[in-house]
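The values are calculated or read from the model by the stated rules, or taken from the named source; none is laboratory data. Because the structure is a prediction, the values reported are computed rather than measured. When we count neighbours, we look across all protein chains shown, and the Cβ atoms used for this are built from the backbone with ideal geometry, even at glycine.
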Amino acid sequence: MLSNRILVAAIAAVVMSCDTFYGISRQGYMAVRPPLPCIERVIRADPSVRTLQYREIRENRGLFRKLEIVSSIYSYAGEDYQSEFWIEKRANGETFVRHSSGGLHALYPQERADRVRPIMSRIERKIHTTCDIDFQDAELHEYCSGINCDKDAA
């Protein structure tokens, strides 16, 4: 009986320690790294964006061979939302892009998702036309967790 309780407690601890993202995430790979100053100008110029912060993270990953990963992260916020446009240049030359709005461990309100998805799409379209980045080639895939994302709404 005690071993069953320990097993249940161990499983609960593992499940509770998982980081569950709730919200909208669009991600994919691109052939080239987008021009960072252009991305910043586009995000800053969007009428819904009130604040924008940039940070860069350099990591060395790999067990036997150190592989440098450079992540450029644009965190921006509007009146009632926060989003990130994340560009990760990997050591193998690939560029991974993620555009997301949401957070860990807390449900994302459907009403906010319905307002934010068109903002994200508008920023992506503007990056496409202004920075000459084709997100169609990037094959950005949208993932929604804890909300309903109607594919035609954004």
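Some points to look at:
- Complete set of residues in region 15-61 that are surrounded by 14 or more Cβ atoms within 10 Å (Cβ to Cβ) and small (G, A, S): G23, S25, G28, S48
- Checked against (1) acidic (D, E); (2) modelled with pLDDT of 90 or more; (3) within 30 Å of D150 (Cβ to Cβ), D19 passes all but a single condition, namely (2).
- Applying the criterion of being assigned to a strand (DSSP E or B) and either among the basic types (K, R) or on the phi > 0 side of the Ramachandran plot (or both) to the residues of region 57-98, the residue that is nearest to the chain's Cα centre (by Cα) is R98.
- Condition check for V70: surrounded by 16 or more Cβ atoms within 10 Å (Cβ to Cβ), hydrophobic (A, V, I, L, M, F, W, C), farther than 13 Å from I43 by Cα and out of contact with any Pro (no Cβ under 9 Å at 6 or more places or on another chain): no
- Any chance S101 is assigned to a strand (DSSP E or B) and closer than 18 Å to Y22 by Cα: yes
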